[in-house]
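A.B. asks: Structure in structure tokens, see below.
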Amino acid sequence: MFPPLATRGTPHSNVSQQSGSVPEARLAPVIHYTFMLIGLSLLVYVLHKLDGILLPLFFAALLSTLLLPMVSKLENRGWPRILAIITAILLLVGGVVGLGVVFGAQIMDLKAELPLIQQKMVVYLDQGQQWLHDRLGMRIMSKDEIIDSSLSSAKKSAGGFLGSTISTTAGVLSVLTLIPIYIFCFLYYRDHMRQFMFRFVSPDKRTAVLHTMDSIQAVVQAYITGLLMVIVIVAILNGIGLLLLGVKFAIFFAIFASVLAVIPYIGILVGATIPALITLVETGSPGKAAAVVGVFVFVQFLEGNFITPMITGSKVSINPMAAIVALILGGELWGTPGMILSIPMVAVLKVVFDSNKATEPWGFLLGDVTDGEDTKKDKSDDKPGFLGKAWHMLKRI
């Protein structure tokens, strides 16, 4: 007699039945990474389509992280939570309005000087065309041709520019209205949202999750606060240098360049080029324009080697390559707001990655090279060359 079909099987199946384990079905690496790419593509698509909803939420989350220490201090002194939150939001709005007033006054002064700047630019343009004609034989365009070509191109793009301006203004106003509301909700319901996150974790792991959340919050607060401190210090140094050179609109260019200095390499290039060109047109002195560039380069040197490492280097440090890639991706995804959010979001991702052993290599990839090196180098490679010796001599001086 044969044994029943239910009890018949291979030795492997008997072992599986005795051990009570179920064999796991593992996907091939190609299929696994294919699903990851599909999920990432869907995530990017959703983020792009829901930008009107997500952008105010992300800005509000970052600003809420900045305002949380102030709100907590006021609550510890006996203030009601609602009053503490409203006070913090009003102080934030007041600071933004004050900065807008300073920028607005400088922009109005710059607008009043635009006709004179345009006349001087036309003179320099004629001189440049004459030089190109004498050296390369290029045809010289008259002023009327330049004006006509400019007017024709402006007429073609006027309708689209007007429509985009109106839509952008409406979008900015709606975002500025929603952000304070979201900030209030994030700060008021912060305990409720923390309890919501705990419900996804088993009770024996909640203490570890709470510690991780607190450490992430502390590091992000320190990084963003330090970043704002760097912007303020760089703006003051830029302003002092430009005022000593007698540059017009020094305060505007100092703040403008300090904000752009957060963008590695690209920020200093844009922030220094515009005031240098305006100074060249205003004074006609290449030396003074070069001095303006020298001020920005010197302040950028101080910022990269002393100011930022002292303030934010011990907290979170993002390497320039990761920052540039994040800026490009943020600009492609959400435009200018995406570029503004890219650096803080990369900092948040680095903190999250560093808090988990499985994702710690990604945090190391985003971090600066000064955070540490895993590879062991030969001691002979550490001998400085000519540039290294010159740099050590400058540091000693």
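The values are calculated or read from the model by the stated rules, or taken from the named source; none is laboratory data. If you're wondering where the values come from, they're calculated on a predicted model, not measured in any experiment. Counting neighbours? That spans all protein chains shown, and the Cβs are built from the backbone with ideal geometry, glycine included. These area figures cover heavy atoms from the full protein model, side chains too; ligands, DNA and RNA do not enter into them. Shrake-Rupley method; radii C 1.70, N 1.55, O 1.52, S 1.80 Å.
A.B. asks: Given the conditions (1) in a helix (DSSP H, G or I); (2) in contact (Cβ under 8 Å) with a residue 12 or more places away in the chain, report the number of the one that K248 does not fulfil.
C.D. replies: The single condition K248 does not satisfy is (1).
A.B. asks: Those residues that are within 28 Å of the chain's Cα centre (by Cα) and modelled with pLDDT under 85, I need them from the range 19-39; list them, please. Quick ask: steps written out before the conclusion?
C.D. replies: To start, the set of residues in the range 19-39 that are within 28 Å of the chain's Cα centre (by Cα) comprises 36-39.
Correct list: M36 only.
Residues are listed down the side, and each one gets a yes or a no for (1) in a helix (DSSP H, G or I); (2) open to solvent by 30 Å² or more (accessible area, probe 1.4 Å):
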{"position": "R194", "(1), (2)": "yes, yes"}
{"position": "M197", "(1), (2)": "yes, yes"}
{"position": "V201", "(1), (2)": "no, yes"}
{"position": "I216", "(1), (2)": "yes, yes"}
{"position": "G241", "(1), (2)": "yes, no"}
{"position": "A257", "(1), (2)": "yes, no"}
{"position": "V270", "(1), (2)": "yes, yes"}
